[in-house]
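Chemist: One structure, as structure tokens, below. Some questions next.
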Amino acid sequence: MKKENRKLAQQRRAEERKKAAQKKKIKKILSYALPITAVVVLAAMILADSMKQKDAKDQKAETQQETEETASQEKDTQPTLSTDTSLTIADGDTVNIDYVGSVDGVEFEGGNTQGKGTDLTIGSGLYIDDFEEQLIGAHPGDQVDVYATFPEDYGKEDLNGKEALFKVTINGIYE
């Protein structure tokens, strides 16, 4: 039995040495692998962060470009004042006019644009009587005499119910 015990003891020690050698190999591998893994993870994090920053910059630049394009499109779609004399005022057109109004040959307060121009949409009914309709058919650069009667309840005692003459200059038509 002693021989058998000795043999078993030797086998056990050989297995223990084998396990110890395997543990040593694993420790050695881990001693190299862990730092390498940490470096790779750190590099991946740095790369991901830089890509996020790049995406944020790209997105900001794209948003700014879209804003500029939108502003440019809005500018392109906004009507512009045309002074082309071949154009004719029609119902629904928006025009820019200057006028001087008078009652019995005397200019009245508030009846003069003083050359600053004012926009008017023909057919809107914002001006008295048939003021707007008398501009239909005129062209930019034309001077038109518009006769209109103030309503009885206009609100200014000296103008209520009075007929007025407006010397109107057509500055242009919005296109």
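Chemist: Taking the options 132, 152, name whichever one is open to solvent by less than 60 Å² (accessible area, probe 1.4 Å), modelled with pLDDT of 90 or more and charged (D, E, K, R).
Modeler: Answer to the selection: 132.
Chemist: Taking the residues in region 137-149 that are within 21 Å of residue 125 (Cβ to Cβ) and under 41 Å from the mean Cα position of the chain (by Cα) as candidates, determine which candidate is surrounded by the fewest Cβ atoms within 10 Å (Cβ to Cβ).
Modeler: The residue in question is 137.
Chemist: Further question on the same structure: Name the strands (runs of 3 or more DSSP E) wholly within region 60-129 that hold at least 1 residues that are touching a Lys or Arg at 6+ places or on another chain (Cβ under 7 Å) and farther than 24 Å from residue 140 by Cα?
Modeler: Correct list: 94-103.
Chemist: Sticking with this one: So for region 48-68 (the condition being within 30 Å of residue 167 (Cβ to Cβ), within 29 Å of the chain's Cα centre (by Cα) and β-branched (Val, Ile, Thr)), does at least one residue qualify?
Modeler: Within region 48-68, none of the residues are within 30 Å of residue 167 (Cβ to Cβ), within 29 Å of the chain's Cα centre (by Cα) and β-branched (Val, Ile, Thr).
Chemist: Please verify whether residue 101 is among the small types (Gly, Ala, Ser) and surrounded by fewer than 18 Cβ atoms within 10 Å (Cβ to Cβ), treating the condition exactly as stated.
Modeler: When the stated conditions are applied, residue 101 does not pass them.
Chemist: Name every residue in region 155-175 that is in a loop (DSSP other than H, G, I, E, B), at pLDDT 90 or above and exposed (fewer than 15 other Cβ atoms within 10 Å of the Cβ), in order of residue number.
Modeler: Within region 155-175, 160, 161 qualify.
Chemist: Considering (1) among the small types (Gly, Ala, Ser); (2) surrounded by fewer than 10 Cβ atoms within 10 Å (Cβ to Cβ); (3) more than 30 Å from residue 173 (Cα to Cα), say which one residue 33 fails and leave the rest.
Modeler: So the condition that residue 33 fails would be (2).
Chemist: Let me ask something else. Which condition number in (1) in a loop (DSSP other than H, G, I, E, B); (2) touching a helix residue (DSSP H, G or I) at 6+ places or on another chain (Cβ under 6 Å) is the one that residue 146 fails?
Modeler: (1)
Chemist: Any idea which of 84, 55, 104, 93 is of a type outside the set (Ser, Thr, Tyr) and more than 30 Å from residue 122 (Cα to Cα)?
Modeler: Of 84, 55, 104, 93, the one residue that is of a type outside the set (Ser, Thr, Tyr) and more than 30 Å from residue 122 (Cα to Cα) is 55.
The values are calculated or read from the model by the stated rules, or taken from the named source; none is laboratory data. Please read these numbers as outputs of a predicted model, since none were measured by experiment. Note that each Cβ is placed from the backbone with ideal geometry, even for glycine, and that neighbours are counted across all protein chains shown. Side chains included, ligands, DNA and RNA excluded: accessible areas come from the protein's heavy atoms. Shrake-Rupley method; radii C 1.70, N 1.55, O 1.52, S 1.80 Å.
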